[in-house]
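Comments concern the structure below.
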Amino acid sequence: MTSADSDTGLLAPGWAGSPAAAETADAAFLRALLDAEAALTRAQAALGLAPARAATAVTEAAGPGRFDVASLAGRARGGGNPVIPLVAELTRAVGGEYGPYVHRGATSQDIMDTAMMLVAHRALGPVLADLDRCGRALARLAAGHRDTPMPGRTLTQHAVPTTFGLKAAGWRSLVLDARDRVTAVRGSLPAQLGGAAGTLAAFSAYGAGDPTALPGTYARELGLVEPPLPWHTLRTPVADLAGCLAFAAGALGKLAADVLTLSRTEIAEVAEGSGGGSSAMPHKANPVRSTLIAAAARRAPQLAATLYGSLVAEDERPAGAWHAEWEPLRDLLRLVGGAARDAAELAEGLRVRPDTMRAHLGLTHGLIVSERLSAELAPLLGRARAKELLTELARRAYEEGRDLGELLTAETELQEVDLTGATDPVRYTGSAGTLTDRALERR
């Protein structure tokens, strides 16, 4: 059953309605908790530590629809986590004969940690699918605009020409970096099973000849990785999730930041395919996808910091450290899931305006190629004189509104110098095309 008070994302348009939202909802966590409990009984049955009928009974009773999420949430306060009331209800649902096999030998953190890994594994599936979508769309943009010239900007100012293809290839490179990191972490997520203090002692008490065989069997039941050790206070899996998710948010945030800049009214070199409206200004088509991605990228580092902080976990099971992980990890999964969805839509629908880019190359009256001219004139005039001359001509170009090429041709000391095409920004994009081709070789 679901509660009318369930978090539906009213204040979170970035992830509302996304696959990540569904895979991280309270109902999804309940399902993961129940899956963890049922898998534990099945693993014990597989090793002869529980009757096969007990495994069947627990699995059949562990249907999420039989449990009230709101009631469990309210009662979780009593023991500090939802596993305690859930185990009580599941035991009652299984019944007298096989009820004692529910949760046998485990501790609450075993189930919570395992469920957290299950939720992460399930939520990261659609995240990876959207990162792939985004990467494919950016590859098309990079290839299609391999030689589309535009101003390169450094410290907000025009620097030298570049190409939009190279910019899109750079975005794609970051997206693929995020994809690879998320893929690696998703493939390493472990189950958790150690018992009260991480020694597996209770399973020996229940008759296991080799309790160390149980975590691997348990992990295989769930499709997770066998842990080398119980990791109640060894929080590498959570830290790895924090790192790859924060990186993914930042990588997508770079794409969003550039689109937000380039889509400003006074720049307008790109535009979102379907901009959002304004409640007060009918003429606006706001870059909503980029805005939501940027918002996610701003929040992610702080959430990751909380998860990294939980590495400092005392004793064999800590008070507060693992409890502090649940909400920020869910928030991170949601934010990155929503951002990946929005980034795929953004890249697939992005409108590029080559004519505007080309026009902007002329805003500095040819000065955008001053680097090239400095290199070409230095051997002829000497480095100091070349710099002095170009500095003076740059001043005049701005003050007189004249093109740098025109001023150069009027200089008597350059009368014998062939400067044909030297001030054409389209002819000074360096190795942008080759670099774009190289980047697109990556799969």
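Values computed for the structure shown
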{"item": "Residue count, the stretch 314-329 (criterion: within 16 Å of THR199 (Cα to Cα) and surrounded by 16 or more Cβ atoms within 10 Å (Cβ to Cβ))", "result": "2"}
{"item": "Test: residue in the stretch 131-142 that is open to solvent by less than 50 Å² (accessible area, probe 1.4 Å) and closer than 30 Å to GLU221 by Cβ", "result": "yes"}
{"item": "Sole residue being free of Cβ contacts under 8 Å to residues at least 60 places away in the same chain, out of contact with any His (no Cβ under 6 Å at 6 or more places or on another chain) and among the small types (Gly, Ala, Ser), chosen from ALA268, ALA257, ALA248, ALA208", "result": "ALA257"}
{"item": "Subset of the stretch 346-387 [out of contact with any Asp or Glu (no Cβ under 9 Å at 6 or more places or on another chain), closer than 30 Å to VAL182 by Cα and open to solvent by 10 Å² or more (accessible area, probe 1.4 Å)]", "result": "GLU348"}
{"item": "Pairs where the first residue, in the stretch 341-363, is farther than 11 Å from ARG133 by Cβ and the second is among the polar types (S, T, N, Q) and part of a loop (DSSP other than H, G, I, E, B), C-beta under 7 Å, 6+ apart", "result": "GLY349/SER274; PRO354/THR148; MET357/THR148"}
{"item": "Condition met for ASP258 (under 30 Å from THR41 (Cα atoms), open to solvent by less than 70 Å² (accessible area, probe 1.4 Å) and acidic (Asp, Glu))", "result": "no"}
{"item": "Those residues of the stretch 148-160 which are open to solvent by less than 50 Å² (accessible area, probe 1.4 Å), of a type outside the set (A, V, I, L, M, F, W, C) and either at positive phi or touching a Phe, Trp or Tyr at 6+ places or on another chain (Cβ under 6 Å) (or both), in sequence order", "result": "THR148"}
{"item": "Residue within the stretch 301-315 that is among the acidic types (Asp, Glu), within 33 Å of the chain's Cα centre (by Cα) and closer than 26 Å to VAL127 by Cα present", "result": "no"}
{"item": "Close pairs from the stretch 376-393: first under 14 Å from LEU419 (Cβ atoms), partner open to solvent by 20 Å² or more (accessible area, probe 1.4 Å) and of a type in the set (Asp, Glu), Cβ under 8 Å, at least 6 apart", "result": "LEU381/GLU413; LEU389/GLU411; LEU389/GLU413; LEU393/GLU411"}
{"item": "Residue within the stretch 299-306 that is closer than 16 Å to ALA248 by Cβ, part of a helix (DSSP H, G or I) and in contact with a Pro (Cβ under 6 Å, 6 or more places away or on another chain) present", "result": "yes"}
{"item": "Breaking point among (1) under 21 Å from GLY144 (Cβ atoms); (2) in contact with a Phe, Trp or Tyr (Cβ under 8 Å, 6 or more places away or on another chain), for ARG353", "result": "(2)"}
{"item": "Unique match (being under 25 Å from the mean Cα position of the chain (by Cα) and within 30 Å of SER370 (Cβ to Cβ)) among LEU176, LEU124, LEU141", "result": "LEU141"}
{"item": "Subset of the stretch 399-436 (residues that are open to solvent by less than 70 Å² (accessible area, probe 1.4 Å), among the charged types (D, E, K, R) and within 13 Å of LEU377 (Cβ to Cβ))", "result": "GLU411"}
{"item": "Criterion: more than 14 Å from GLY243 (Cα to Cα), surrounded by 19 or more Cβ atoms within 10 Å (Cβ to Cβ) and modelled with pLDDT of 95 or more - qualifying residue of LEU292, LEU303", "result": "LEU292"}
{"item": "Odd one out for GLY105 among (1) over 36 Å from the mean Cα position of the chain (by Cα); (2) under 25 Å from ALA25 (Cα atoms)", "result": "(2)"}
{"item": "Members of the stretch 116-127 that are open to solvent by 20 Å² or more (accessible area, probe 1.4 Å) and in contact with a helix residue (DSSP H, G or I) (Cβ under 7 Å, 6 or more places away or on another chain)", "result": "HIS121, ARG122, PRO126"}
{"item": "Total residues in the stretch 322-369, condition closer than 30 Å to ALA201 by Cβ and either at pLDDT below 95 or part of a helix (DSSP H, G or I) (or both)", "result": "5"}
{"item": "Options HIS323, HIS365: the member that is touching a Lys or Arg at 6+ places or on another chain (Cβ under 7 Å) and more than 22 Å from LEU174 (Cβ to Cβ)", "result": "HIS365"}
{"item": "LEU124 in contact with a Leu (Cβ under 9 Å, 6 or more places away or on another chain), over 30 Å from LEU72 (Cβ atoms) and in a helix (DSSP H, G or I)", "result": "no"}
{"item": "All helices (runs of 4 or more DSSP H) inside the stretch 36-112 with 2 or more residues being within 19 Å of GLY223 (Cα to Cα) and either open to solvent by 50 Å² or more (accessible area, probe 1.4 Å) or touching a helix residue (DSSP H, G or I) at 6+ places or on another chain (Cβ under 6 Å) (or both)", "result": "52-61"}
{"item": "Scan of the stretch 403-415 for residues that are touching a Leu at 6+ places or on another chain (Cβ under 9 Å) and not β-branched (Val, Ile, Thr), ordered by number", "result": "LEU404, GLY405, LEU407, LEU408, GLU411, GLU413, LEU414"}
{"item": "Unique match (being surrounded by fewer than 17 Cβ atoms within 10 Å (Cβ to Cβ), more than 23 Å from the chain's Cα centre (by Cα) and more than 27 Å from ALA39 (Cα to Cα)) among ARG298, ARG264", "result": "ARG264"}
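The values are calculated or read from the model by the stated rules, or taken from the named source; none is laboratory data. These figures come from a predicted structure and were not determined experimentally. Here Cβ is always computed from backbone atoms with ideal geometry, including for glycine, and neighbour counts include all displayed protein chains. The accessibility values were calculated without ligands, DNA or RNA, using every heavy atom of the protein model including side chains. Shrake-Rupley method; radii C 1.70, N 1.55, O 1.52, S 1.80 Å.
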